[in-house]
Amino acid sequence: MAVRVAAVALWLVAWQVGSVALAQPLILPGPLEVLSALAGLVHAPGFWSKVGFSLVRIVDGCALAYAVAGLLAWASAASRTVRVALRPPLVAIKSTPVACVVVLLLIWLGAESVSLAAVFLMALPGVYFALVEGLDHVDGRLAELLRVSGVRGLRRWLALTWPGVLPFLVAASEAVVGMSWKAGVAAELIGTPMGSIGERIYQAKLLLDTAGLFAWTIVVIALATVCEHGFLALLRASGRASVRLAVRLRPRGGEHRGYGAEVRAQGLVIAHGAAGGRELSLDVPAGGRLCVMGPSGEGKTTLLRTLCALDAPVAGRVACLVGDGHPARLAVDFQDSRLVETTSAFENVALTADASCPDGSIRALLVDAIPGLDVDVPVSELSGGQRRRVELVRALVAPGSAVLLDEPFSGLDACSHEHACALVRRELHGRTLVVATHDERDAGLLGAEVLRI
């Protein structure tokens, strides 16, 4: 902070020295003269109405651009045809000089609305292209997790889509908001609508009031800075707030389904791994436990992904059914990390938790699994072993009649490993368990049968 103040002071001194050396206030008034003119502006009748006139139109134009860009980006993400069709006009708008756009808008709309329309057109392409890129880069691994866990609709958008596009939107907004003020004031300067900041700047030019021109410029810079910093602060805060809201909106109540699903595969040929090309069969009864064992690269992960319908088999059939013959919901712990990094351990688990699992039970289970854990700290601050156990707890409290775990104990020391296995056995509550592992101890610790691939 002190360095920034010193830098500003240095340039003010340089400005004052230049003004004194030139000795031409009409060309370069000094800081004190501009400050005096600014004080006069602020106390002059009608100053705040002029500020309000421009502020409302520029903010409205910018807000409209964000809203329309959001709709167009959503349509482009849903349809490649829409994306291809929208690109030429938006690139043309992005490349057209502001002055040309303003002149056309004056012909079409008149001076009163020219700043709103100019801001809208100048902001629209930047926001649109940022949102499209953000939607293209939404984390596909988290999308799989939420789909398997049954998180859909608004909660999925809050937990995945909005946090995913937010970094791209913030980066674009750092340029767009400031450019909106430049475009809006430039449009007012050309169109000179009565009662606007642009009209007062034009009058200062006609009257050769250079100090007043500087003063109005400072007003525009101050308004642009406040709008930019305020909007960016809201955007950045909205990322974590959206995930928290997704957690708060999760279903509550209901009875926990304390029964397992039958997990069967007949003549199954998986697509990847050394086991690919060989037929695999398994038959896990409701409430049964199975450890799928084999060296790394044999296809254990692909087998589990095939069981939960994330990968299609090359051949064969898979059936995961509850007692009434309906497809079972599966709770899955993936081998690779799939945590929402900016949120806490509790929020990561609660986001996909079963409706029957109260918040207090989630917190207690996390502390049991990871002694001494502060469940409200971001998971980005946790160690690898702690993060692995957070994901294990998430699978244990997720809705499902079968629990599929892919290398759930990797990175744990012997004591933590045994404790995690005991936790799994205790928290199954009659559900079926399928674990992919290469550790021979796991079958004994979990009381499970073994399938080697």
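Things to note:
- Tally, over region 369-383, of residues that are under 20 Å from the mean Cα position of the chain (by Cα) and buried (at least 16 other Cβ atoms within 10 Å of the Cβ): 2
- Of all residues making up region 92-116, the number that are more than 29 Å from the chain's Cα centre (by Cα) and under 16 Å from R57 (Cα atoms): 10
- Residue within region 80-100 that is within 26 Å of V219 (Cβ to Cβ), touching a residue at least 24 places away in the same chain (Cβ under 8 Å) and surrounded by fewer than 15 Cβ atoms within 10 Å (Cβ to Cβ) present: yes
- Among the residues of region 42-66, those that are among the aliphatic types (A, V, I, L, M) and exposed (fewer than 13 other Cβ atoms within 10 Å of the Cβ) comprise V42, A44, V56.
- Filter result for T192 (out of contact with any helix residue (DSSP H, G or I) (no Cβ under 6 Å at 6 or more places or on another chain) and among the β-branched types (V, I, T)): no
- Hits in region 1-18 (condition: in contact with a helix residue (DSSP H, G or I) (Cβ under 8 Å, 6 or more places away or on another chain) and under 15 Å from I218 (Cβ atoms)): L12, W15
- Subset of region 321-379 (residues that are of a type in the set (D, E) and touching a residue at least 60 places away in the same chain (Cβ under 8 Å)): D333, D336, E347, D354
- Residue ranges of strands (runs of 3 or more DSSP E) in region 362-453 with at least 1 members in contact with a strand residue (DSSP E or B) (Cβ under 9 Å, 6 or more places away or on another chain) and of a type in the set (D, E): 402-406, 449-452
- Any hit, region 279-300, residues being more than 23 Å from V138 (Cβ to Cβ), part of a helix (DSSP H, G or I), touching a Gly at 6+ places or on another chain (Cβ under 9 Å) and not acidic (D, E): yes
- Failed item, numbered, when P45 is tested on (1) in the same structural domain as H137 (by TED's automatic domain parsing); (2) in a helix (DSSP H, G or I); (3) under 30 Å from L208 (Cβ atoms): (2)
- Residue within region 303-321 that is modelled with pLDDT of 90 or more, surrounded by 15 or more Cβ atoms within 10 Å (Cβ to Cβ) and among the acidic types (D, E) present: yes
- Checked against the criteria, G411 does not count as of a type in the set (G, A, S) and within 18 Å of V263 (Cβ to Cβ).
- Restricting region 10-29 to residues that are modelled with pLDDT under 90 and part of a loop (DSSP other than H, G, I, E, B), the residue that is farthest from F214 (Cα to Cα): A23
- Taking the criterion of being of a type outside the set (D, E) and surrounded by fewer than 18 Cβ atoms within 10 Å (Cβ to Cβ), the residues of region 335-368 that qualify are Q335, S337, T342, A355, S356, P358, G360, S361, R363, A364, V367.
The values are calculated or read from the model by the stated rules, or taken from the named source; none is laboratory data. Remember, it's a predicted structure, so these values are computed and weren't measured experimentally. Because the Cβ atoms are built from the backbone with ideal geometry, glycine has one as well, and the counts that use them run over all protein chains shown.
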